[in-house]
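What follows is one structure encoded as structure tokens, with my remarks underneath.
The values are calculated or read from the model by the stated rules, or taken from the named source; none is laboratory data. Nothing here was measured: the structure is a model prediction, and the numbers come from that model. Reconstructed Cβ throughout: ideal geometry from the backbone, glycine too, with neighbour counts over all protein chains shown.
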Amino acid sequence: MDLLYQQLLAPKKWSAFLDLGIWRFLWAGLSVTLQIAAASIVLSLILGLLLAVMRSSRLPVISWIAVVYIEVVRALPVLFMIFFTWVVASRAGLGLNLVGQASLALTIYTAAINAEIIRAGIASIERGQVEASRSLGMTYTQTMRYVVLPQALRRMVPAQVSQIITLIKDTSLAAVIGVGDLTRRAQIIYQSEFNPIQSLFVVALIYFAINYSLSLLTRRWELAIGGTVQAVGPSRDH
């Protein structure tokens, strides 16, 4: 019990979090985390939409390019993708800082997942609507733009929010290349304050608050539209 008290409950282990400077330090890390997440979310949605449309194309070459990208990227670990992008960006002189490199890596990976979510959304649209649109003289592009995509994007929102939650958690992996995100700053705190359990617990609560709020949003949306669209992907194990 004495050891448990010393490691978990001793006031000196928690005293660091009475310092406003510690919270400013963590806030700066959270800002970096959200910056990476926001950039990756927007860019991966754009690239994922492009890949989904390419994969649904009737031109075999275009469809094949999308399939190769999606299947190869989805089969790679996220941590490997971050390391690989970091090495390539550094050697190629792309001019990206560590935050940019982490954002690029997560964009490349998440775009492949988003492409499958969007493709599942497209596939959920009744074929009769597509045939009716084409019978009215609409081209394939017009059918996708005005009939299929507006409905598909609405249906895929719950699955997409779930992927955003996963992406926010994946940002913690950027700490391995030295990005000063929330996880990395937790490490810095406990290395100086010698309170790893307490520091990681506080940061875990911050991640939980963000992701649980998004999870509640997803559930409400599912109830509003009466279902979700799920994309099948490889198992994830960090």
Can you find, within region 201-223, the residue that is farthest from T166 (Cα to Cα) among those that are at pLDDT 95 or above and of a type in the set (A, V, I, L, M)? V202
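Name the helices (runs of 4 or more DSSP H) wholly within region 131-218 that hold at least 1 residues that are under 23 Å from G29 (Cβ atoms) and out of contact with any Leu (no Cβ under 6 Å at 6 or more places or on another chain)? Break it down stepwise before answering.
Values: elements: 140-143, 149-155, 157-170, 182-193.
The qualifying helices (runs of 4 or more DSSP H) are 157-170, 182-193.
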Could you list, in sequence order, all residues of region 81-95 that are without any contact (Cβ under 8 Å) to a residue 60 or more places away in the chain, surrounded by 12 or more Cβ atoms within 10 Å (Cβ to Cβ) and not aliphatic (A, V, I, L, M)? F84, T85, S90
Would you be able to tell me the number of residues in region 144-160 that are modelled with pLDDT under 85 and either on the phi > 0 side of the Ramachandran plot or of a type in the set (V, I, T) (or both)? 2
Modelled with pLDDT of 95 or more and crowded, with 17+ Cβ neighbours inside 10 Å, is that true of V78? yes
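Conditions (1) among the aliphatic types (A, V, I, L, M); (2) closer than 23 Å to D181 by Cβ, marked per residue:
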position: W14; (1), (2): no, yes
position: W27; (1), (2): no, yes
position: V32; (1), (2): yes, yes
position: Q35; (1), (2): no, yes
position: L50; (1), (2): yes, no
position: R58; (1), (2): no, no
position: Y69; (1), (2): no, no
position: V72; (1), (2): yes, no
position: F80; (1), (2): no, yes
Is region 115-124 home to any residue that is among the basic types (K, R) and buried (at least 22 other Cβ atoms within 10 Å of the Cβ)? yes
